[in-house]
Amino acid sequence: MDVTFQFDWQAAIDSIPYLLEGIPWTLLISFGGLAIGFVIGIVFGLLRISPIAFLRWPAIAYIEVFRGTPVLVQVLFIFYGLPQILGGPINALTAGIAAIALNSGAYISEIVRGGVQSIEKGQREAGLSLGLSRTQAFRYIIWPQAFRRMIPALGNQGIVSIKDTSLFSVIGVGELVRQGQIYIATTFTALEVYFMVAMMYLVITLSLSFALRQIERRGLAGQ
């Protein structure tokens with residue numbers, strides 16, 4: 001039996017205004033979580049390379065737990081599991097931001113560790129020989145060089161985290177996928193709507209990639 005299907009472009013276009021309502025939530029969760037995750041990543045990345053064992057091992061445990069479990073399981077645990085411990089509900093938006101922060105923080109920790117350890121030891125020793133303290137040598141010599149090397153990996157993590165927000169429709173966050181699901185329930189145009197959802201994610205991630213390439217080029221030009 002021949003089955004013919006024609007893509008309904010008008011249905012796809014009609015879904016755009018409704019889907020656009022989910023973009024602010026997608027960006028808020030992803031960039032809000034990434035901002036917090038970046039701070040977490042710096043702290044735990046530096047603890048990860050600490051010579052002090054009781055600081056290093058908790059950092060390793062955190063990194064391995066959150067890198068070794070799916071972000072979907074993490075957000076479900078935060079949204080459904082933590083309220084049983086805390087004795088009160090957690091807002092879906094808060095749960096989404098927390099999941100992105102903790103998950104991205106674990107990956108950023110390893111990016112920070114790799115970036116810092118990629119700088120030759122002679123750089124720090126040269127700073128110390130010039131009379132800088134260890135903190136000053138790290139701040140003015142090691143960190144600027146390490147951060148420049150981290151930019152591509154940090155950008156990649158940002159893109160991954162933006163795409164991870166699509167999973168949070170399961171807890172009712174009104175991001176892009178959730179908006180698409182609601183719209184499909186009334187129009188039955190799944191193919192067209194999910195096509196537009198994919199295009200919107202593509203525009204967001206390509207825009208971020210372009211911005212990061214510009215930052216990277218300027219950083220290399222400043223060397």
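The values are calculated or read from the model by the stated rules, or taken from the named source; none is laboratory data. None of these values were measured; they are calculated from a predicted model. Virtual Cβ from ideal backbone geometry, glycine too; neighbours counted across all protein chains shown. For the accessible areas, the whole protein counts, side chains as well, though only heavy atoms, and no ligand, DNA or RNA atoms are used. Shrake-Rupley method; radii C 1.70, N 1.55, O 1.52, S 1.80 Å.
Just a few scattered comments:
- Per the listing GLN214, GLN157, the residue uniquely polar (S, T, N, Q) and open to solvent by 40 Å² or more (accessible area, probe 1.4 Å) is GLN214.
- Test: residue in segment 172-192 that is at pLDDT 90 or above, charged (D, E, K, R), in a helix (DSSP H, G or I) and open to solvent by 30 Å² or more (accessible area, probe 1.4 Å): yes
- Among the residues of segment 14-47, those identified as open to solvent by 40 Å² or more (accessible area, probe 1.4 Å), assigned to a helix (DSSP H, G or I) and not aliphatic (A, V, I, L, M) are ASP14, PRO17, TYR18, PRO24, TRP25, PHE31, PHE38, PHE44.
- When MET199, MET150 are screened for being at pLDDT 95 or above and either open to solvent by 50 Å² or more (accessible area, probe 1.4 Å) or not β-branched (Val, Ile, Thr) (or both), only MET199 passes.
- Take the conditions (1) over 16 Å from ILE29 (Cβ atoms); (2) open to solvent by 30 Å² or more (accessible area, probe 1.4 Å); (3) not small (Gly, Ala, Ser); ILE108 misses just one of them, which is (2).
- Subset of segment 111-126 (residues that are out of contact with any Gly (no Cβ under 9 Å at 6 or more places or on another chain) and either closer than 13 Å to LEU28 by Cβ or open to solvent by 30 Å² or more (accessible area, probe 1.4 Å) (or both)): GLN117, SER118, GLU120, LYS121, GLY122, GLN123, ARG124, GLU125, ALA126
- Scope segment 160-171; condition open to solvent by 40 Å² or more (accessible area, probe 1.4 Å) and under 16 Å from the mean Cα position of the chain (by Cα); matching residues: VAL160, LYS163, LEU167
Here's the yes/no breakdown for (1) more than 29 Å from GLY174 (Cα to Cα); (2) at pLDDT below 95:
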| residue | (1), (2) |
| --- | --- |
| ILE13 | no, yes |
| TYR18 | no, yes |
| GLU21 | no, yes |
| THR26 | no, yes |
| GLY41 | no, no |
| ARG48 | yes, yes |
| ALA53 | yes, yes |
| ALA61 | yes, no |
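- Selection of segment 104-135 for residues being under 29 Å from GLY158 (Cα atoms) and not in a helix (DSSP H, G or I) yields SER118, ILE119, GLU120.
- Among (1) surrounded by fewer than 16 Cβ atoms within 10 Å (Cβ to Cβ); (2) at pLDDT below 90; (3) more than 29 Å from THR69 (Cβ to Cβ) - the single one PHE138 does not satisfy: (1)
- Residues (open to solvent by 40 Å² or more (accessible area, probe 1.4 Å), closer than 21 Å to ILE49 by Cβ and either touching a Leu at 6+ places or on another chain (Cβ under 6 Å) or not small (Gly, Ala, Ser) (or both)) located in segment 61-105: GLU64, VAL65, PHE66, ARG67, LEU102
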